[in-house]
Amino acid sequence: METFTVNMGNATMIYAIPLLNAAFGWCMISLLFYMLFHPVRKKNFFIIDMQGFVPRNLPQWGQQACAFAVTQLPDFGKLKDNLLEGDRLSKINEILDDKVDDFLRNKLKDKIPVFGMFITEGMISKMKETLMNELDHMIPDLVGFFADDLQKKFNIERMITAKMEQIDAASLEKLFYSHAGKGVLQLKLTAAITGLLLGIVELLLIRNL
């Protein structure tokens, strides 16, 4: 009787193999994704330091993002030099020339009609020449001023560093599971089903021995 009871117990354990394999597959995938973000802070287990993959690498990723931005985004100093190149400077002068001409011939008369009685073509040409000479000297200084001001206001490296410092592992974890939660669940189910099938194969092999 005792032998029969023991055999029944062994048979029950054998039939549990597929379920145990399925549970093992599910737990392994769950543990894998858990260890992506946990533990958030470094913890010491005897001689091993444990920390989630994302929290451990977040500072390094921030540095890499800064380095990439610095090399890929436009340099304000080069932008200033490009704007002051011959062709681009000529186009700027052409635009200003048209604007000054329109102002002297049309808008000035509209704003102050009495000027229309005294302004001649020669006077317009002389005023235009004087204004354009002044603008020619002002353009490099204006471009340099605005480029330097933009560089101070939009320090790309400082901006990215500040943004990366605001990101924490908990926020990334929520973002990850909000977008990839369904994929993670499918992966867990795949691992569980694979474990179940392998367990059935093992069970069949055991029973045939």
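Among the numbered conditions (1) modelled with pLDDT under 80; (2) open to solvent by less than 70 Å² (accessible area, probe 1.4 Å), tell me where Gln166 comes up short.
Evaluating Gln166 over (1) modelled with pLDDT under 80; (2) open to solvent by less than 70 Å² (accessible area, probe 1.4 Å) leaves (2) as the failure.
How many residues does the range 13-41 hold that are at pLDDT below 80 and open to solvent by 90 Å² or more (accessible area, probe 1.4 Å)?
Qualifying residue count for the region: 2.
Under the condition of being at pLDDT 65 or above and farther than 30 Å from Ala170 by Cβ, which residue from the range 43-79 is most open to solvent (accessible area, probe 1.4 Å)?
Filtering first and then ranking leaves Lys78.
The values are calculated or read from the model by the stated rules, or taken from the named source; none is laboratory data. Computed from a prediction, not measured in an experiment: that's the story for all the values here. Cβ sites come from the backbone with ideal geometry, for glycine too, and all protein chains shown count toward neighbours. Surface accessibility is based on the protein's heavy atoms, side chains included, excluding ligands, DNA and RNA. Shrake-Rupley method; radii C 1.70, N 1.55, O 1.52, S 1.80 Å.
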